[in-house]
Amino acid sequence: MHTPDSPSPSPLAHVRARIAHAAAVAQRNVADITLVAVSKTKPAEAILPLIAEGQLVFGENRVQEAEAKWSALREAHPGVKLHLVGQLQSNKAEEAVRLFDCIHSLDRPSLLTALARAMDKAGRRVPLFVQVNIGAEEQKGGCAIADLPALLAEARVADLPVEGLMCVPPAGIEAAPFFALLGKLAADNGLAGLSMGMSDDFETAIMLGATHIRVGSALFGER
Ligand SMILES: *Cc1c(COP(=O)(O)O)cnc(C)c1O
């Protein structure tokens, strides 16, 4: 209960409390769950209060937008880590490797080749998640489940640091079975990272083993 003179918690504090609660219920260590604050479309003024509250991991879905928005912000806040959560065109791989600290959207051999070349050129290995088209949806990005073993094998050959798997389940239906399936695929392939769960379902994702949750509107309001 909030008394009239105790300020209501910030959106970030509220999300943090929900993460802590879900982790406790799941018997998990909250430190094993990374909150990626998805700030796409939001201006610096919306981001600065979160940085002031100690949030240092942010997600963007467009290379150009991230470059424009974050160059000054990062100079002022060198501890910030940027994650790319959106689809990536191969011709933007070099910029992405320079700009981002983690890329959640590796989903095809042509992009793998472009990222490997970009990382060699930059002399920098950027951790990756392989995005899986977990609901086998026609127009959705992500590697088909059947193509996953070959893509992971190719990533090993290219010495790419694949941390885990990422998914965006089909909209409008229960996400839990898809999160469980992603967890099984990761375990089958010896991967520890699971990037899954957004504003509407991150507690479910935590229950099912998410290591990275990507939360936008619960932190920043509707887009
Ligand atoms: C926008 C976006 C999110 C955040 O979604 P919210 O529902 O606003 O939390 C997470 N993941 C990806 C891939 C996104 O594009």
Legend entry - Count of segment 28-46 residues which are over 15 Å from Gly209 (Cα atoms) and touching a residue at least 60 places away in the same chain (Cβ under 8 Å): 8
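In segment 31-41, is there at least one residue being more than 17 Å from the chain's Cα centre (by Cα) and more than 15 Å from the ligand (Cβ to nearest atom)?
No, that holds for no residue.
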Legend entry - Number of the condition not met by Gly135 [criteria: (1) touching a Pro at 6+ places or on another chain (Cβ under 9 Å); (2) under 21 Å from Lys40 (Cα atoms); (3) of a type outside the set (A, V, I, L, M); (4) within 16 Å of the ligand (Cβ to nearest atom)]: (2)
Inset, instruction - Kindly indicate which of Pro177, Pro169, Pro149 is out of contact with any strand residue (DSSP E or B) (no Cβ under 9 Å at 6 or more places or on another chain) and not in a helix (DSSP H, G or I). - result: Pro169
Inset, instruction - Just name the residue that is nearest to the ligand (Cβ to nearest atom) out of those in segment 184-202 that are buried (at least 18 other Cβ atoms within 10 Å of the Cβ) and in a helix (DSSP H, G or I). - result: Phe202
Legend entry - Close pairs from segment 73-97: first touching a residue at least 40 places away in the same chain (Cβ under 8 Å) and β-branched (Val, Ile, Thr), partner within 16 Å of the ligand (Cβ to nearest atom) and assigned to a loop (DSSP other than H, G, I, E, B), Cβ under 7 Å, at least 6 apart: Val85/Asn61
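None of the figures in this text is laboratory data; all of them are computed from the coordinates on show. The structure displayed is predicted, hence computed values, not measured ones. Backbone-built Cβ (ideal geometry, glycine too); neighbour counts: all protein chains shown.
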